[in-house]
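Q: Structure provided below as structure tokens; questions to follow.
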Amino acid sequence: PAASVRSRKRRRLFPWLLVCVVFITKYYFQEEGKVFGDIYVTMKSGDIKRVAVAGVDVVLYKVDNPADVLQQIENIHEQYLKPIEEAVKELGESVELAQNRMDTHKVVRGVYSKKQVEEGLHEAKEKQLRIEQMKAEHNSKINDILTPLLFKKGNTDVNGHYEFTDIPYGKYYVFSKH
């Protein structure tokens, strides 16, 4: 009879220990936390201001080797941004020329024909389409790099504040766009 009492006590103790171990494992060994902050914008004037708009997209990326990712992004920027800037400059010149040709006094006086005006407008539209295509290619290549690293998406509140909760331990980068 004494032996059977001891075994009953062991059976009662075992389920309690199991519950404690599960509780400790769940709440004390998981390294989770928050990623939060405010989004600021640099104005053309150089002033830095907090975003005061709700709904700015905020994306959290999990990055194990940030130097490689940033180098890939920098290479894509170098490949596309300068040609885009040059194309925008050319577009501005084409639009200015087209507006100059569209001046009714110059068309009426015969300085430019209606065909020349239409050609100028067509040229400006083609340049605009090429710029949009280059921007789309640029964004697509950046997305190809970042999409596999995407961890969570969210938005800012009216004060430009964002917060991600239940984030496992690791290195993350936050990007925003509006």
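The values are calculated or read from the model by the stated rules, or taken from the named source; none is laboratory data. This structure is a prediction, so every number in the text was calculated from the model and none was measured. FYI the Cβ positions are ideal-geometry reconstructions off the backbone, even for glycines, and counts take in every protein chain you see. SASA here: full protein model, heavy atoms, side chains in, ligands and nucleic acids out. Shrake-Rupley method; radii C 1.70, N 1.55, O 1.52, S 1.80 Å.
Q: Give the stretch 65-76 a look and list any residue that's open to solvent by 60 Å² or more (accessible area, probe 1.4 Å) and modelled with pLDDT under 90, or say none. Spell out how you get there, then give the answer.
A: So the first thing to find is which residues in the stretch 65-76 are open to solvent by 60 Å² or more (accessible area, probe 1.4 Å), and the list is 65, 67-68, 70-72, 74-75.
Within the stretch 65-76, Asn65, Ala67, Asp68, Leu70 qualify.
Q: Any residue at all in the stretch 84-106 that's at pLDDT below 65, out of contact with any Ser or Thr (no Cβ under 9 Å at 6 or more places or on another chain) and within 29 Å of Leu129 (Cβ to Cβ)?
A: yes
Q: Based on this model, can you work out whether Tyr80 counts as touching a helix residue (DSSP H, G or I) at 6+ places or on another chain (Cβ under 8 Å) and modelled with pLDDT of 85 or more?
A: Against the criterion (touching a helix residue (DSSP H, G or I) at 6+ places or on another chain (Cβ under 8 Å) and modelled with pLDDT of 85 or more), Tyr80 qualifies.
Q: Inspect the stretch 147-160 for any residue being assigned to a helix (DSSP H, G or I), charged (D, E, K, R) and at pLDDT 85 or above and give the result as yes or no.
A: To start, the set of residues in the stretch 147-160 that are assigned to a helix (DSSP H, G or I) comprises 147-149.
Next, from what is left, pick out any that are charged (D, E, K, R): none.
No, the stretch 147-160 contains no residue that is assigned to a helix (DSSP H, G or I), charged (D, E, K, R) and at pLDDT 85 or above.
Q: Could you check how many residues of the stretch 139-178 are in contact (Cβ under 8 Å) with a residue 60 or more places away in the chain and either touching a His at 6+ places or on another chain (Cβ under 8 Å) or over 25 Å from Lys82 (Cβ atoms) (or both)?
A: Of the residues in the stretch 139-178, the ones in contact (Cβ under 8 Å) with a residue 60 or more places away in the chain are 141-142, 145-146, 149-178.
Subsequent filtering for residues that are either touching a His at 6+ places or on another chain (Cβ under 8 Å) or over 25 Å from Lys82 (Cβ atoms) (or both) retains 149-172, 174.
Qualifying residue count, the stretch 139-178: 25.
Q: If you check Glu123 against the conditions, is it touching a Ser or Thr at 6+ places or on another chain (Cβ under 8 Å), at pLDDT 85 or above and over 30 Å from Phe36 (Cα atoms)?
A: The answer is yes for Glu123.
Q: Still on this structure: Give me a count of the residues in the stretch 40-96 that are part of a helix (DSSP H, G or I), among the acidic types (Asp, Glu) and under 17 Å from the mean Cα position of the chain (by Cα).
A: Looking only at that region, the number is 1.
Q: Any residue in the stretch 55-73 that's within 15 Å of Phe151 (Cα to Cα): show its pairings with residues that are among the basic types (Lys, Arg) and surrounded by 11 or more Cβ atoms within 10 Å (Cβ to Cβ) at Cβ separation under 6 Å, as long as the two are six or more apart or on different chains.
A: Leu60/Lys152
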